[in-house]
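One structure is given here, and the rest of the page talks about it.
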Amino acid sequence: MGAQVIYTKVKHRIFKIIQPHNGGGAASTVFDWFIIVLIIINVFLVILDTFSGFSETVINIFRYAEIISVVIFTIEYVLRVWTASFLYPDISGVRARLRYCVSFMAIVDLMAILPFYVPFIIPIDLRVLRIMRLLRLLRLLKVNRYTNALSTIGRVIKRKSTQLISSMLVLFILMVMASVIMYNIENEAQPDVFRNAFSGLWWSITTISTVGYGDIYPVTALGKVLSATIALLGIGLVAIPTGIISAGFIEDANERKVEGEKEQKQFCPYCGKKLE
């Protein structure tokens, strides 16, 4: 019985440490910053991996840093799965672990370390391995656990999804119509440039988004008039999703402020104790 109590206490203490903003004290703060610094180092390693000309010593340092990082991230992942029963106390241990394993952050954690282990289990082509190594960039998403930035963006997009889909649908309709019309106008004058409607679609995307690469453009008078009209319409239509998202951020900030004020009212301003 004593061993079981000690086991539970140790497990709960580890849970408190590895869960950000969960009252784990100084140990939790140190752990959070350690993981954040390690993530930043890994991002730099991914960037430096694109350069050539390093000495064998530097390459070995990169390799050892990668191994150490993967080991630490693996231990972190295992500990999070192991302590998942405290994260979901309303369900059994096994179900809690399964529920955690299919959560977004758990998948990110797994995909961040998986490319390192796959070659040891399954022999794969070197080109595939290079592509899989790009998954190391997912380690950057691990920072989301320690900041509300990505969570806020996710909430805003989810809340405004209907309006965003409607505005994107209008943009899509405009691009398709413009591409077909421009093809019919410019095909005779530029058969090699506007070969089909898809060529016109590429032109409409770059025009509406105001990017304008200049690789495809109209030469006829009617085509230029249409291009100018589409460009002006694009400025207004592209601004619509921006306005929707901006309004969503303001609403979310106001809600967080109201919730913070409600929580503050639950505590006595003099003694700091929670009011009943």
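Read-outs throughout are calculated quantities, based only on the coordinates presented, and are distinct from any laboratory measurement. Note that the structure is predicted; figures quoted are calculated from it, not measured. Counting neighbours? That spans all protein chains shown, and the Cβs are built from the backbone with ideal geometry, glycine included.
A few remarks follow.
- Taking the Cα centre of segment 161-265 as origin and assigning +1 to Lys and Arg Cβ atoms and -1 to Asp and Glu Cβ atoms, the resulting dipole is close to 100 debye.
- Helix-derived mean residue ellipticity, 222 nm - over the chain, DSSP H n ≥ 4, -39500 (n - 2.57), to 500: -24500 deg cm²/dmol
- Simple point charges give the picture: +1 on the Cβ of Lys and Arg, -1 on the Cβ of Asp and Glu, and for the chain a dipole about the Cα centre of about 1240 debye.
- Dipole-positive endmost among 183, 246, 118 within the chain (Cβ charges, Cα centre): 118
- Against the chain, whose longest principal axis is taken from its Cα atoms, helix 161-186 shows a tilt of about 30°.
- Only Lys, Arg (+1) and Asp, Glu (-1) charged, at Cβ; segment 2-146 dipole about Cα centre in debye: 420 debye
- Remark: 203, 82 ranked as 82, 203, counting other beta-carbon atoms within 10 Å and listing the fewest first.
- Taking 207, 242 and counting other C-beta atoms within 10 Å, the order from fewest to most: 242, 207
- A run of the chain free of exposed loop cleavage sites, with trypsin sites (Lys or Arg not before Pro) counted only in DSSP states other than H, G, I, E and B and at most 12 other beta carbons within 10 Å, reaches its longest extent at 1-194.
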